[in-house]
1. Just to verify a result, which residue in region 4-29, among those that are closer than 19 Å to residue 59 by Cα and without any contact (Cβ under 8 Å) to a residue 40 or more places away in the chain, is nearest to the chain's Cα centre (by Cα)?
2. How many residues are touching a helix residue (DSSP H, G or I) at 6+ places or on another chain (Cβ under 8 Å) and small (Gly, Ala, Ser) when one looks only at region 52-62?
Amino acid sequence: MNKRIRVILGLVGSFILCLFGVYGLVSENPISSLAYAPIILAVGGFIGFIGGMIELKKINGA
């Protein structure tokens, strides 16, 4: 498995994590009773997605 495929899989995973966190924030029935869990999921997924995009641009540019 080359590096480009690993970065793309990481992008997909981070995007799903971010969507799951945002869904927990906007749903009427929260995913968990803690308000911090969806926030952490959304922020962590977003940061991972941005980092993956930067890494993918580096790979494609090289």
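1. So in region 4-29, the residues closer than 19 Å to residue 59 by Cα come out as 4-14.
In the following step, the residues that additionally are without any contact (Cβ under 8 Å) to a residue 40 or more places away in the chain were identified as 5-6, 9, 12-14.
Working: 5: 16, 6: 14, 9: 11, 12: 7, 13: 6, 14: 2 Å.
Checked region 4-29; the qualifying residue nearest to the chain's Cα centre (by Cα) is 14.
2. 1
Bear in mind these aren't lab numbers, they're just calculated from the coordinates by the rules spelled out. All values derive from a computational prediction rather than experimental measurement. Cβ sites come from the backbone with ideal geometry, for glycine too, and all protein chains shown count toward neighbours.
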